[in-house]
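Contents: one structure, followed by commentary.
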Amino acid sequence: MFQPNNQISFQTRALSVKDSSALTQVDQNETSIVVRDEMQNGGFAHAETIIYYSKKLQDDLHMLGMKIKEHEENLKFLKTQKSKLDDSILDLQVKSHSSSIPKTENENNSQPQPEEQTTEQILRHEKSAAGILCQLKTRHGTQASHLPLTKDVLGVVATLGRLDDDNLSRLFAEYLGVETMLAIVCKTYEGVKALETYDKEGCINTSSGLHGLGASIGRTLDGRFLVICLDNLMHGPYAGEFVADDPQRRLDLIKPRLPNGECPPGFLGFAVNMINVDSTNLFCLTASGYGLRETLFYNLFSRLQVYKTRAEMVLALPCISDGALSLDGGMIRSTGVFSLGNREDVGVKFPKPLVTSTVPENYNEADRLVKEMKWKKDKMLEDMKREQAILDLEKSNFEKKKQEFLKFLAESSSYATQHQSQAAPERFTPR
């Protein structure tokens, strides 16, 4: 470890420069300089300048040394914490793997699973970006998520939420529209850039990204497609509280109130809280630690309210700020904007939740904790990288300052030697 209290000592009687190892010790109490008694020639003033500047350089070196020590201690602390996290993650993984493997009650049922039905609906849009991604997943399974092109992709909007009620699922899909239901969701902008590249003229490079992938499987990508980046959402993530002790981490939104203070009759809840999110997507998906509900679905639905009937929804107009839906097909997109006419089936809907799992609760809890700790570890590695960069910079600054000090000593030594040949010197001790 760097020792900032190591000081540079020098004797300025001869002002001779010693070997470089000796120059790493500075003793400010022993600083003395030999000069002639030639005040008329400016010798005394020059000596004071030498003393002042040598002290300033010593102070600068001391300050840089303290900074180096601080960042070395920070790095040591972060490494210790990372080691503890590694041990905790390992212990939890052992416990998690020792639990029974997740199985559902209808695992051997020949009936297609809900997500398979949604995938089939997406595949019907064969020339869409979502259709190409689903085709890739169908052919390559879990390996598809490890490809450079798709490693940052969470999935398609329609596959990332679940709804118990089929009518509500169709209603939500109609509200969002088929383009949004088929939108691709990425964690970061780096993932967005990987999906489509351009040549020097700004034209789409059809041999790379999703365009190249589509061509390779015989599905040419046609038209525009939406990509949602969780790290760059316009309204940012939900910043409020969550419902206490809710495993689904529903948002603790304030219920609407009529002017008389009562909750509107027929109010069923907020759309964002009616979506079921898989446990793997509830925590630590983004660099800031947010999950899908407070990022993706909060930005898609905001405080969209749901009512039993259109009539009850209309009565609640005074307290509707971000739109509303009713189970019988009523739709208010925003304040003053009504969607009239017949309902439309967009052909893609959210799947139903999986059948109750037989996995013990401690398995899911351990899995959640492992994911959370890995996220903390990633943040800690970023902190370590930042501290190391600052430490390297401070060490570089220290080395430059030390070289400046050595140069100063050499020049001061040359000055003293020239004046010693002219008269007998006497010792001057700075005040």
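The values are calculated or read from the model by the stated rules, or taken from the named source; none is laboratory data. Here the structure is a predicted model, which is why all the values come from computation and not from measurement. So basically every Cβ, Gly included, is an ideal-geometry build from the backbone, and we count neighbours across all protein chains shown. When the accessible area is computed, the model is the full protein with side chains, heavy atoms only, and any ligands, DNA or RNA have been set aside. Shrake-Rupley method; radii C 1.70, N 1.55, O 1.52, S 1.80 Å.
Just to confirm a number: summing +1 for Lys and Arg and -1 for Asp and Glu over residues other than residue 335 whose beta-carbon lies under 14 angstrom from that of residue 335, what do you get? Could the numbers behind the result be given before it?
On the way: positive: 303, 333; negative: 322.
So the environment of residue 335 carries a net charge of +1.
List residues of the stretch 292-312, by number, whose backbone nitrogen lies under 20 Å from a label position 7 Å along Cα→C-beta of residue 248.
So the set is 292-309.
Which sequence of 193, 371 reflects their accessible areas, 1.4 Å probe, from the largest down? Before the final figure, lay out each step's value.
Details: 193 90, 371 65 Å².
From most exposed to least exposed: 193, 371.
Convert each backbone phi in the stretch 115-128 into a coupling constant with the Karplus relation 6.51 cos²θ - 1.76 cosθ + 1.60 (shift: θ = phi - 60°), then list the ³J(HN,Hα) values in order as whole Hz, x for Gly and Pro.
Taking θ as phi minus 60°, the curve returns 5, 5, 5, 5, 4, 4, 5, 5, 5, 5, 8, 5, 9, 8 Hz for the stretch 115-128.
Amide H to amide H under 5 Å from residue 352: which residues, 5+ apart in sequence or cross-chain, H placed 1.01 Å off N in plane?
For residue 352, the qualifying residues are 163.
Calculate the spin-label point distance for residue 180 paired with residue 379, positioning each point 7 Å from the Cα along the beta-carbon direction, and give it in nanometres.
The modelled label-to-label distance comes out at 3.0 nm.
Once you have the alpha carbon radius of gyration of the stretch 232-297, what is it after dividing by 2.2 N^0.38 Å, with N set to its residue count?
Numbers: Rg = 13.7 Å, N = 66, 2.2 N^0.38 = 10.8 Å.
This ratio for the stretch 232-297 stands at 1.27.
Got a sec? What order do 198, 53 fall in by accessible area at 1.4 Å, biggest, i.e. largest, first?
Values: 198 125, 53 80 Å².
Ranked list, largest accessible area first: 198, 53.
Please work out whether the stretch 180-253 counts as rounded, prolate or oblate from its C-alpha gyration tensor, where a ≥ b ≥ c are the square roots of the eigenvalues and a/c under 1.5 means rounded, while otherwise a/b larger than b/c means prolate and anything else oblate? Don't skip to the end; give the middle numbers.
Values: a/c = 3.69, a/b = 2.45, b/c = 1.51.
Prolate shape, in that a/c is at least 1.5 and a/b is the bigger ratio.
Please list 203, 263, 319, 186 in order of solvent-accessible area, largest first, computed with a 1.4 Å probe with all protein chains present. Can you show the working numbers first?
On the way: 203 70, 263 45, 319 20, 186 0 Å².
If we order 203, 263, 319, 186 from most to least accessible, we get 203, 263, 319, 186.
Between residue 222 and residue 255, what is the FRET efficiency for a Förster distance of 35 Å, r being their Cβ-Cβ separation, to the nearest 0.05?
On the way: r = 44 Å, r/R0 = 1.26.
For residue 222 and residue 255, the calculated efficiency is 0.20.
Can you give me the distance in nm between label points at residue 263 and residue 321, each placed 7 Å from the Cα along the Cα-to-Cβ direction?
1.8 nm
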